[in-house]
1. Checking Pro342 against (1) outside any helix (DSSP H, G or I); (2) touching a helix residue (DSSP H, G or I) at 6+ places or on another chain (Cβ under 8 Å): exactly one of these is not met. Which one?
2. With respect to Val357, is the statement that it is more than 10 Å from ligand 1 (Cβ to nearest atom) and in contact with a strand residue (DSSP E or B) (Cβ under 6 Å, 6 or more places away or on another chain) true?
3. Kindly provide the set of residues from the range 232-261 that are closer than 17 Å to Leu219 by Cβ and β-branched (Val, Ile, Thr), ordered by number.
4. Within the range 415-438, track down each residue that is assigned to a strand (DSSP E or B) and surrounded by 22 or more Cβ atoms within 10 Å (Cβ to Cβ).
5. Does the range 319-336 contain any residue that is part of a strand (DSSP E or B), buried (at least 22 other Cβ atoms within 10 Å of the Cβ) and within 16 Å of ligand 2 (Cβ to nearest atom)?
6. Among the residues of the range 85-95, is any of a type in the set (Ser, Thr, Tyr), in contact with a Phe, Trp or Tyr (Cβ under 6 Å, 6 or more places away or on another chain) and either at pLDDT 95 or above or outside the structural domain of Thr289 (by the TED database) (or both)?
7. Inside the range 188-301, counting only helices (runs of 4 or more DSSP H) that do not spill past its ends, which hold 2 or more residues that are more than 14 Å from ligand 1 (Cβ to nearest atom), of a type in the set (A, V, I, L, M, F, W, C) and closer than 27 Å to Ser327 by Cβ?
Amino acid sequence: MASASAKSIFIPRVSSKSHSSVSNRSSLLPFLKSSSSSSISLKSSRTRSPCLVVRDAIKTIESPEISVSQGQKLELTSLDTKPTVLVSEKLGEAGLEVLRSFANVDCSYNLSPEELCSKISLCDALIVRSGTKVTREVFEAAKGRLKVVGRAGVGIDNVDLQAATEFGCLVVNAPTANTVAAAEHGIALLASMARNVAQADASMKSGKWQRNKYVGVSLVGKTLAVMGFGKVGSEVARRAKGLGMHVISHDPYAPADRARAIGVDLVSFEKAITTADFISLHMPLTPTTSKIFNDETFAKMKKGVRIINVARGGVIDEDALVRALDSGVVAQAALDVFTVEPPPQDSKLVQHENVTVTPHLGASTKEAQEGVAIEIAEAVVGALKGELSATAVNAPMVPAEVLSELAPYVVLAEKLGRLAVQLVAGGSGIKSVKVVYKSARDPDDLDTRLLRAMITKGIIEPISSTFINLVNADYTAKQKGLRISEERVVVDSPPEFPVDTIQVRIANVESKFDSALLENGEITIEGKVKGGIPHLTCVGSFNVDVSLEGNLILCRQVDQPGMIGRVGSILGEQNVNVSFMSVGRIGARKQAIMAIGVDEEPDKETLKRIGEVPAIEEFVFLDL
Ligand SMILES: NC(=O)C1=CN([C@@H]2O[C@H](COP(=O)(O)OP(=O)(O)OC[C@H]3O[C@@H](n4cnc5c(N)ncnc54)[C@H](O)[C@@H]3O)[C@@H](O)[C@H]2O)C=CC1
Ligand SMILES: O=C(O)C(=O)COP(=O)(O)O
């Protein structure tokens, strides 16, 4: 219950920062940097007429020419009116077309790390394959301009995700278009290794005819262990079943029923490596999988095992593999990927006569490359437009159908976060935030990661000096020691709506507006989406009903006639347009909260006059 405290007036100092964030205004543009931070400056050079340079703006500028009074013409350099996408490795033409329709595209292949760093501050997006190392230095060199890194493929081990996240740079990949190509390459290596195709080919080309030397082994009836039963692994398994192999798989995260559906048993790592005749690797390179195949694990394998690696070189300790090949524990290996690419020319592994190698060709089919190029180009353009991405790697990933359903709740979530933090006296010192989602849906049917990230963004942005978006909101919150917990409450509300209400509670802080405190001392606000528009429905223990648009004045007063008129006329005299008013009260003539939506921001004098209305006990101005 709100306490009947002495009249307190809070007239906030509205920071310029809070005005500069475009994402405050349009929460569906979470990846864009502030357009109002774009600088427009006149630049003159000896060789060119002065031109208007627009930095950081993603929007295409409508007017191509601007005249100045002296009759001198200013031209917008075409390079500056669109975002710039740097493509650092070969990308399919269809993807480049998609990019060119929206951005300036700079295809610069084979850049040295230094060249990449020197170009990157002029780029809004970077598209890479596996050959470009996107290191922390690259993000630092970008000086905040780089908004999205697109990986035209699956593995993102060449991108420093931690650095990307810290710098608020979205990383997207193209996870599906090369799956079949990689699986087919795995099968190609499996079969050609078993029948010594590459070695026999090289032998014949050197003029020999060695039929006895290249006797192979059969696949039918042999056990294949698929290590990593994801997209590629499961396609390899399906194909190997077609070859008559007995397929087992190890994947700590794969559902057993998905494996069983194609006749594959999920087994432990130990069982997989000790029983298989062939082992095919399809897991990502992570700190856990790095060098997971090493002296110790090779020693446990069946003597004469054959290994295929189309995943990442780093999952194998390559020196240990050479030892295992030399000792005969591993009879053969077929490798598409290497710890260092390209590997050194004198690499013992590459030169080993029992090893078949290809230069990271798993994804290299015409079909896969066109598919990957379109997939990544669309993801990058979408991200540059500020759309949420279905293939985000370092931000909540939301399938398109879920996204359209959640869109208005995303806006509500951010606004509630912004509102809640502005109710905290001093704004900082927040350590613990609780979010309660009331919904008719089963908790498993409601993915709240996006909502949580937007609430976090709303809370952090007004109290942070750094740029906050969906990508770095959680990280920045953790850095600030802010703990956000969530609770879901199942309620009897229309099930077609994913969420009924969202409540944000901040504990152990003082409030600028005592009426926002519940008896337990927590600042508590609640909102819901009505007709697609976010509404504030509860402040402390007071029910209100105001749409969260424009700015908001909350006043606590003693309920009495004429209050709405009095405050309304003070605002009207200053030409501040009132968009709505709502009064929530404990009871007739008792305490009430008046919520007033205003299109313009009232000046200090106007706010002071509102505070001087005798019945008003406290009030706060909130910038939404
Ligand atoms: N050589 C090439 O050109 C290509 C290589 N790849 C690589 O293939 C790998 C798999 O790609 P996708 O199937 O698309 O990825 P995915 O994410 O669909 O599958 C990876 C699977 O590995 C599992 N996994 C994670 N840790 C594991 C562990 N410790 N042991 C066993 N399994 C584990 C995951 O649960 C997941 O099911 C990636 O490393 C990717 O970079 C993918 C495409 C082309
Ligand atoms: O998608 C992957 O993970 C790959 O390894 C493909 O790499 P690439 O795009 O061919 O350099």
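1. So Pro342 meets the others, but not (2).
2. yes
3. Val236, Val247, Ile248
4. From the range 415-438, those assigned to a strand (DSSP E or B) are 424, 432-438; that's our starting set.
Selection gives Val433, Val435, Tyr437.
5. So the first thing to find is which residues in the range 319-336 are part of a strand (DSSP E or B), and the list is 330-335.
Applying the additional criterion that residues be buried (at least 22 other Cβ atoms within 10 Å of the Cβ) yields 330, 332-335.
Now narrow it down to the ones that are within 16 Å of ligand 2 (Cβ to nearest atom): 334-335.
Within the range 319-336 (the criterion being part of a strand (DSSP E or B), buried (at least 22 other Cβ atoms within 10 Å of the Cβ) and within 16 Å of ligand 2 (Cβ to nearest atom)), the answer is yes, since at least one residue qualifies.
6. no
7. Working: elements: 197-205, 231-242, 256-261, 269-275, 295-300.
Once the helices (runs of 4 or more DSSP H) in the range 188-301 are filtered for at least 2 residues that are more than 14 Å from ligand 1 (Cβ to nearest atom), of a type in the set (A, V, I, L, M, F, W, C) and closer than 27 Å to Ser327 by Cβ, what remains is 197-205, 295-300.
Matching residues to (1) more than 13 Å from ligand 2 (Cβ to nearest atom); (2) more than 28 Å from the chain's Cα centre (by Cα); (3) hydrophobic (A, V, I, L, M, F, W, C):
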| position | (1), (2), (3) |
| --- | --- |
| Val340 | yes, no, yes |
| Pro343 | yes, yes, no |
| Ala363 | no, no, yes |
| Gln369 | no, no, no |
| Val372 | no, no, yes |
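The values are calculated or read from the model by the stated rules, or taken from the named source; none is laboratory data. Source: prediction; values computed, not measured. Backbone-built Cβ (ideal geometry, glycine too); neighbour counts: all protein chains shown.
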